[in-house]
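This report refers to the structure that appears directly beneath it.
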Amino acid sequence: MKKLILLLVIISTSCFAAEIKVSELDEAKSERREKAFENWIPIAEMQVQFEALTSEGRFPVYSERDGGKVREIFIDQPTGLTFWAWTGMSEKELLTKHEKYLGEGFVILSLGLLPEEGKVPRYWGIWVNESLERKVMRDLKHLGISQASIEID
């Protein structure tokens, strides 16, 4: 008697085609932005600063890195705002998070490329609940920061 063994293998793959548009800066508002930035700090201190400022009711909207240092712009967090902030994401991680957050009612607010650390691009990004997007975007426009966009096909 022969036994028939059926092996079922399911491979899950995600394949995204996407158009990613990072936030752009309006040079005419550079002085205003400069005043809004926190001081440059070592990247190792970034989490401590994040926790301190978010506990004060502020949240990050833009980030810059130079060598081993980082500086960010934090603004007042409107009542009812929920946000996600991530850094060091590969394109695949970015698109996976974006798709997840879209499904949960969030929109991409700001997005940037980290300075090249090897050949794989890395991103930072901020998502906010859709209901407060316009309110937060007023603050970003005042600082000359455009809203990012990600279109997934």
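The values are calculated or read from the model by the stated rules, or taken from the named source; none is laboratory data. This structure is a prediction, so every number in the text was calculated from the model and none was measured. Cβ sites come from the backbone with ideal geometry, for glycine too, and all protein chains shown count toward neighbours. Ligands, DNA and RNA are excluded from the accessible area calculation, which covers all protein heavy atoms including side chains. Shrake-Rupley method; radii C 1.70, N 1.55, O 1.52, S 1.80 Å.
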**Complete:** Over segment 68-95, the set of residues open to solvent by 70 Å² or more (accessible area, probe 1.4 Å) and more than 25 Å from R138 (Cα to Cα) is K69, E91, K92, E93
**Request:** Starting from segment 32-45, keep only residues that are open to solvent by less than 50 Å² (accessible area, probe 1.4 Å), then list their pairs with residues that are assigned to a helix (DSSP H, G or I) whose Cβ atoms are within a distance under 8 Å, requiring at least 6 positions of separation or different chains.
**Result:** E38/Q49; E38/L53; I41/Q49
**Request:** Could you grab me the full set of residues in segment 134-153 that are surrounded by fewer than 16 Cβ atoms within 10 Å (Cβ to Cβ) and in a strand (DSSP E or B)?
**Result:** S149, E151, I152
**The one condition in (1) more than 23 Å from R32 (Cβ to Cβ); (2) open to solvent by 80 Å² or more (accessible area, probe 1.4 Å); (3) not small (G, A, S) that L113 fails to fulfil** = (1)
**Asked** Pairs, please: C-beta under 6 Å, at least 6 apart or cross-chain, first residue more than 20 Å from K119 (Cα to Cα) and in segment 90-102, second of a type in the set (V, I, T) and not in a helix (DSSP H, G or I)?
**Response** H98/I150
